[in-house]
Amino acid sequence: MFGSEPPVRVLNVSDPSVAKPTTSGTSQQTGTKQKTVTDAVSVSQQLQKLMLRMKGEFMAADGSGVDYVSLKSSDLFKTYKNATKDLIDVNLDSFNRTQKMVFFINIYNALTIHGLIECDSLPSSVLDVRQFWRTTAYNISNHIFTLDDIEHGILRGNRPHPAANEPHFTSKDPRLKYVITDVDPRIHFALVCGAKSCPPINVYTEKNLEQALKMASKNFIEQETMVNMKFKEIELSRIFQWYRTDFGVDELEAVRWTLQYLCEDKVYGIERLLEVLQYEGGVRITYSDYNWHLNEFTPPSDEDPQVIHGTKNKNTHHKPTK
């Protein structure tokens, strides 16, 4: 029927059309052979290793893009897809908070790549895939988790989607027990939605989580924040507009939140402009346009002059300019 919701694609089952989520996210897949419960930490670590290999072989060195075409036909991607089947039987109850964050950040980013690769044809923009974040999912611990479920339900502490008013999970949803209640807003600089304006792709571990989130936040915010003293303007990433409540109670508090990740010159400029705003007014806070074009990366050929002695000069792959 025209205008109906597209079906959810559960990508780690034999037939994605067989696994249908209930309103509570519980899988109703039939014909699934019962398996022994799998250790979640081991599965998480195995997927981390595969993601690191995918990043090294099929992504720009800085994580800004993915060679989707080559990855799709690779043996490594087949191995990764097979490994995701273990997610169905993991026991997430054993995770501590750090392990849970690592697991769901990595799964979100991998599921985004997986979902785009499994499209009938590679889109030029993730927005070309209808309801991509609501319909791209894995079966994890016998619950259906879409990209939206992971981001808004789990990592954002069951806060509403920016376009909604109600909590993402209902009060009786069995996935509530996995929610991370003390939200770390730095997740927004770790989650990759498949667009060029998204942060670079990284692979997170228990050991590197804190430092990696700090660096991801610093790099992204420093690059995306502009301060114009002459025109009294502060420009932030659109992320700070969409998810303002994750960074503070109001717009000014969200702006102040960025100061911890900016260079001295920008900190000085913003602090001066906030003083002007308080006593005189006339300061504009704006948000940059978001580039939704696919974060596709095409590696240079062997004939490329940047390939030296058979080794690609990875330092030449910069994040695309908006």
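In the chain, a dipole from Cβ-located charges (positive for Lys and Arg, negative for Asp and Glu) runs towards its positive end, and of T112, S141, V192 it is S141 whose Cα lies farthest in that direction. Magnitude of the charge dipole for segment 63-144, about its Cα centre and with charges confined to Cβ atoms of Lys, Arg (+1) and Asp, Glu (-1), is about 160 debye.
Overall, the accessible surface of the chain at a probe of 1.4 angstrom is composed of carbon and sulfur to the extent of 49 percent. Remark: for residue pairs K78/K172; K55/K207; K100/K172; K55/K232, the C-alpha separation exceeds 30 Å in K78/K172; K55/K232. Heavy atoms of the protein chains alone define the surface here; on that basis the chain has 50 Å² accessible area per residue at 1.4 Å probe size.
Over the alpha-carbon set of segment 191-261, divide Rg by the Kirkwood Rh and report the Rg/Rh ratio to two decimals.
Values: Rg = 13.4 Å, Rh = 13.4 Å.
My calculation puts Rg/Rh at 0.99.
Each residue was assigned an accessible area with a 1.4 Å probe, and for D75 the value is about 110 Å². Helical content of the chain, expressed as a calculated mean residue ellipticity at 222 nm, amounts to -10000 deg cm²/dmol (DSSP H runs of 4 or more residues, -39,500 (n - 2.57) each, divided by residue number, nearest 500).
The values are calculated or read from the model by the stated rules, or taken from the named source; none is laboratory data. Being a predicted model, the structure only gives us computed values, none of them experimental. Reconstructed Cβ throughout: ideal geometry from the backbone, glycine too, with neighbour counts over all protein chains shown. These area figures cover heavy atoms from the full protein model, side chains too; ligands, DNA and RNA do not enter into them. Shrake-Rupley method; radii C 1.70, N 1.55, O 1.52, S 1.80 Å.
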